[in-house]
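Report on the structure given below.
Rule-based calculations on the coordinates, nothing more; no lab input. These figures come from a predicted structure and were not determined experimentally. We place every Cβ from the backbone using ideal geometry, glycine too, and count neighbours over all the protein chains shown.
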Amino acid sequence: MRLLKSLTIGFSAAVILAGCSAEGNDQGTEYAPNMYHSVAYEPYSQITDEDAGRWLTSIEYPATVEGGEGHAEYYNSNRFNPNRMNMRELPANTVRRNAQGWLPYRIPNDSTGLRLANRLKNPLDSSAQVLAAGKVLYETYCDHCHGAKGEGDGKVGAGITVDGVQKSAYAGVPNYKSDALRNISEGHIFHVITYGKNLMWPHGSQISPEDRWRIAKYVKTLQK
Ligand code: HEC
C-alpha cells in the first residue's frame with residue numbers, strides 16, 4: 001500500500017515537472033510570475049504577446065482603459081515607440097525643467113556672471129508664506145555663520161571661547177547691513193548661495209532654486 005502511494009506521488013510529480021521545461025523563447029511554467037514580470041510600464045520592457053498573463057490575471061483591462069484594450073496582465077508594449085519600447089530616448093539637447101517649468105541656472109560662476117545675476121528678478125512674491133519658509137531655510141543653512149540677524153555673528157562665524165581659547169571661528173563672515181552689501185539684489189544673493197564666494201562655500205547642490213529664492217527674500221528683510 002505504501003509502495004503504491006509513493007509510486008503514485010512520484011509519477012504525478014514527474015508528470016507535473018515535465019510540464020515545466022523551458023527552451024528558446026518559452027520560459028516554461030513560472031511560479032509566482034508577477035515577481036519576474038512587472039505590470040507597471042518599465043523603460044525597456046516590451047512584452048508583445050497580448051495574452052501574456054491572461055491565465056492568472058486578476059486585473060481586467062477593459063477596452064476603456066487607455067493602453068488596455070483587452071490585453072492581459074503583462075502586455076507591456078507601447079505601439080507609438082520604435083521597437084515597442086516604453087521608453088524613448090530624449091531628443092538631443094533636451095534640457096530638464098523643474099516642477100515650476102524653470103530651466104537650470106546657467107549664469108556662469110565668474111565676475112560677469114555675478115553682474116548678470118544682480119539684475120535677475122526673484123520669481124517668488126513677498127508673501128508672509130514665502131518669507132516664513134525663507135526664515136526656516138536661513139536658520140538651517142546660513143544662521144550658524146551669518147547669525148540670526150545677518151550680522152556675521154553666528155556661532156561658526158563668531159566662534160566661541162572655551163577656557164579663554166578662541167575656537168572654531170570661521171573668519172570673514174560679513175554683516176549683511178554693511179555698506180558693501182546693503183544694496184545687493186536678491187539675484188546677487190541667489191548667485192552667491194548657488195556658487196559661494198571666496199571664503200563661503202557653494203550651496204547650489206543642497207538647496208533647490210526655489211528655496212534659494214526664498215532665502216534671498218528673507219536675507220533682504222534682515223538688511224532693513
Ligand atoms: C561656513 C560659513 C557660511 C555659511 C554656512 C554661509 N555663508 Fe555666506 N558668507 C560666508 C563668508 C565667510 C562670506 C564672505 C565671503 C568673502 O570672502 O567674500 C559670506 C558672504 C556672503 C554674502 C555676501 C556676498 C558678497 O557679494 O560679498 C551673502 C549674500 C551670503 N554670504 C549669503 C549666505 C546665505 C544666504 C547663506 C545660507 C544659504 C550663507 N551665506 C551661508 C560664510 C558662510
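The slack between Ser168 and Ala180, meaning 0.36 nm per residue of separation minus the straight C-alpha distance, is 1.8 nm. For Leu103 and Asp153, the FRET efficiency from 1/(1 + (r/R0)^6), where r spans their Cβ atoms and R0 equals 35 Å, is about 0.40.
Modelled spin labels at Asp110 and Arg88, positioned 7 Å past Cα toward Cβ, are 3.8 nm from each other. Taking each residue as 0.36 nm, the span from Phe80 to Lys197 lengthens on full extension beyond its C-alpha to C-alpha distance by 37.2 nm.
Normalised by the number of residues in the chain, what is the relative contact order in percent for Cα pairs under 8 Å and 6+ residues apart?
RCO, the chain: 14 percent.
Where only DSSP H runs of four or more residues are counted, the chain gives -9500 deg cm²/dmol as its mean residue ellipticity at 222 nm, each run worth -39500 (n - 2.57).
Answer rounded, prolate or oblate for the range 111-222, using the Cα gyration tensor with square roots of eigenvalues a ≥ b ≥ c: rounded when a/c is under 1.5, else prolate when a/b is larger than b/c, else oblate. Verdict is prolate for the range 111-222. Take 205-212, 79-86, 94-101, 175-182 and order them by the average number of nearby Cβ atoms within 10 Å per residue, most first; the result is 205-212, 175-182, 79-86, 94-101.
With one equal scatterer per alpha carbon and no solvent term, the Debye-computed log10 I(q)/I(0) for the chain at 0.10, 0.13, 0.14 1/Å reads -0.70, -0.85, -0.92.
Relative to the current alpha-carbon distance between Thr161 and Ala32, full extension at 0.36 nm per residue lengthens the span by 39.9 nm.
Counting only whole DSSP H helices of the chain, the ones at least 15 Å long by C-alpha along their axis and with mean Kyte-Doolittle hydropathy no lower than -0.5 are 2-18, 128-141.
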